[in-house]
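First the structure, in the form of structure tokens, and then the observations on it.
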Amino acid sequence: MKKTAIIPLRKGSKGIPGKNKKKMLGRPLFSWVLTEAIFSDLDEIYVFTDDIEIITFIKKEYYWSPKVKVELRGEQNANDTASTESVMIEFANEVTNDFDIFCLLQATSPMTTSEDINAVLNEIITHKKTAALTVVNTHRFTWNSEGTPQNYDIFNRPRRQDFEGLLIENGAVYATTKEAFLETKNRVSGTIGLVKMEETSLVEIDSMTDWKIVEELLVNRLKKSKSHQRIDYLVLDVDGVFTNGQVFYAAEGELAKAFDMRDGMGLEILRQHKVEVIVMTSENSELVAQRMKKLQISNTFLGVKDKYSFLRQFIKDRNSSFAAVAYIGDDVNDLTNICSVGWSFTPADATEIVKQKADYLLTKSAAAGAIREACEKIIAYNERYE
């Protein structure tokens, strides 16, 4: 069965301007659900948007995944009054209806995981439902506007552990068969399966207060999923890690960056201890390319904006896991990887937000021995696995 998803993105946003592109833990909001979709059982994912900037970003950033496609959405379905169903109908009529299962993913639900997506698909594929959606089981008591309780007896208030609670739609993942969608023009219909997600997924991002809450929830989830093993890979940012973040410019462009020779030796010694070195930077710098060539770091990736997605694919290709990765970063675009890998480091002069999230704050600054210090720590740590 061909499983196709759309992620509808609208350029305009009233509550939080530019919400879909705004950086959450250093990544555009939409990239959270897009990444999980890539690593799910979906066959293809269409980002359906009226935002040319997002279209350009996706074409450049997710070239490594054949699943990801992007299409321009019509203006008539990108205004404040357009319904999600109208966007889904436009997609099926104007882009493609060559699918067996049609899945709707919401970018404003960054707590969605690939496991959640797979569970919804499974309701249709295995349990033979016509449609499925995600819900949250909440144990809150509800009232109506007349001041009467809706789901419990006030004279016999149940204990939480004895209370079944309510299933509430969280708006994260929906799926339906093609036949049901074309007949009803609705995201769910017929026999409907329910997939429970964590109660934290119920937070809606309508204000900056909501944004900060969800960001911390993501940090906590990533950190709780950490595990430890031998470090097989060291991944490094460049500016603010290899260099002090300064660059000398002239009319013709970049002239020079300063690198610490001791860092280069530290990486050479680390490789002798069977730890593979990977460089990943958002900048596309010929100076960096030449320096990494000199250091014989073949796995050098320039111009990577979504470092988390790229690293996740890199690890998957090597049949490894985040637990086998150490990471050195210094700024917000490193945050998700900092929170995800087995062991994260940050230089002494990194940004404050990264210092707060990293596992280990190095005593040395960038371009002043920080990488060499991290290499020595990794070598000593790996001795326990020899």
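The values are calculated or read from the model by the stated rules, or taken from the named source; none is laboratory data. Predicted model only: the values in this text are computed from it and were never measured. Using ideal geometry, Cβ is built from the backbone for each residue, glycine included, and neighbour counts are taken over all protein chains shown.
Which one of these does Ala180 not meet: (1) in a helix (DSSP H, G or I); (2) among the hydrophobic types (A, V, I, L, M, F, W, C); (3) at pLDDT below 95?
(3)
Give just the number: which of (1) in contact (Cβ under 8 Å) with a residue 40 or more places away in the chain; (2) surrounded by fewer than 24 Cβ atoms within 10 Å (Cβ to Cβ); (3) not hydrophobic (A, V, I, L, M, F, W, C) does Lys293 not satisfy?
(1)
Here are some residues: Ser31, Ser86. Which one is without any contact (Cβ under 8 Å) to a residue 12 or more places away in the chain and not in a strand (DSSP E or B)?
Criteria check complete, one pass: Ser86.
Please specify each residue of segment 56-67 satisfying the condition of being assigned to a helix (DSSP H, G or I) and crowded, with 18+ Cβ neighbours inside 10 Å.
Of everything in segment 56-67, those that are assigned to a helix (DSSP H, G or I) and crowded, with 18+ Cβ neighbours inside 10 Å turn out to be Phe57, Ile58, Glu61.
Restricting to segment 330-385, what's the tally of residues that are within 22 Å of the chain's Cα centre (by Cα) and of a type in the set (Val, Ile, Thr)?
8
With the structure loaded, tell me whether Glu115 is modelled with pLDDT under 95, in the same structural domain as Lys67 (by TED's automatic domain parsing) and either not polar (S, T, N, Q) or not in a strand (DSSP E or B) (or both) or whether it fails that test.
No; evaluated as a whole, the condition is false for this residue.
The rows are residues; the columns are (1) farther than 14 Å from Ile371 by Cβ; (2) touching a residue at least 60 places away in the same chain (Cβ under 8 Å); (3) outside the structural domain of Thr35 (by TED's automatic domain parsing); (4) within 28 Å of the chain's Cα centre (by Cα).
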| residue | (1), (2), (3), (4) |
| --- | --- |
| Ala251 | yes, no, yes, no |
| Leu255 | yes, no, yes, no |
| Asp263 | no, yes, yes, no |
| Ile278 | no, no, yes, yes |
| Ser282 | yes, no, yes, yes |
| Ile297 | no, no, yes, yes |
| Thr300 | yes, no, yes, yes |
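Thr200 - would you say it is farther than 30 Å from Thr130 by Cβ and of a type in the set (Ser, Thr, Tyr)?
Spelling it out, it is not the case that Thr200 is farther than 30 Å from Thr130 by Cβ and of a type in the set (Ser, Thr, Tyr).
For segment 197-206, indicate whether the set of residues that are buried (at least 20 other Cβ atoms within 10 Å of the Cβ) and closer than 20 Å to Ile101 by Cβ is non-empty.
For segment 197-206, residues buried (at least 20 other Cβ atoms within 10 Å of the Cβ) and closer than 20 Å to Ile101 by Cβ: present.
Here are some residues: Val219, Val214. Which one is over 21 Å from Asp41 (Cα atoms), hydrophobic (A, V, I, L, M, F, W, C), within 16 Å of the chain's Cα centre (by Cα) and surrounded by fewer than 19 Cβ atoms within 10 Å (Cβ to Cβ)?
Of the residues listed, the single one that is over 21 Å from Asp41 (Cα atoms), hydrophobic (A, V, I, L, M, F, W, C), within 16 Å of the chain's Cα centre (by Cα) and surrounded by fewer than 19 Cβ atoms within 10 Å (Cβ to Cβ) is Val219.
Checking the conditions here, which among Lys316, Lys305, Lys274 is out of contact with any His (no Cβ under 6 Å at 6 or more places or on another chain), charged (D, E, K, R) and in a helix (DSSP H, G or I)?
Lys316
Could you say which residue among Phe99, Phe155 is over 21 Å from Glu204 (Cβ atoms), assigned to a loop (DSSP other than H, G, I, E, B) and at pLDDT 95 or above?
Being over 21 Å from Glu204 (Cβ atoms), assigned to a loop (DSSP other than H, G, I, E, B) and at pLDDT 95 or above holds for just one of Phe99, Phe155, which is Phe99.
Considering segment 119-138 alone, what residues qualify as being part of a helix (DSSP H, G or I) and within 19 Å of Lys178 (Cβ to Cβ)?
Within segment 119-138, Val120, Leu121, Asn122, Glu123, Ile124, Ile125 meet the criteria.
From Ile89, Ile16, Ile52, Ile45, which residue is surrounded by 19 or more Cβ atoms within 10 Å (Cβ to Cβ) and either in the same structural domain as Ser109 (by TED's automatic domain parsing) or within 15 Å of the chain's Cα centre (by Cα) (or both)?
Numbers: Ile89 fails: surrounded by 19 or more Cβ atoms within 10 Å (Cβ to Cβ); Ile16 fails: surrounded by 19 or more Cβ atoms within 10 Å (Cβ to Cβ); Ile52 fails: surrounded by 19 or more Cβ atoms within 10 Å (Cβ to Cβ).
After applying the criteria, what remains is Ile45.
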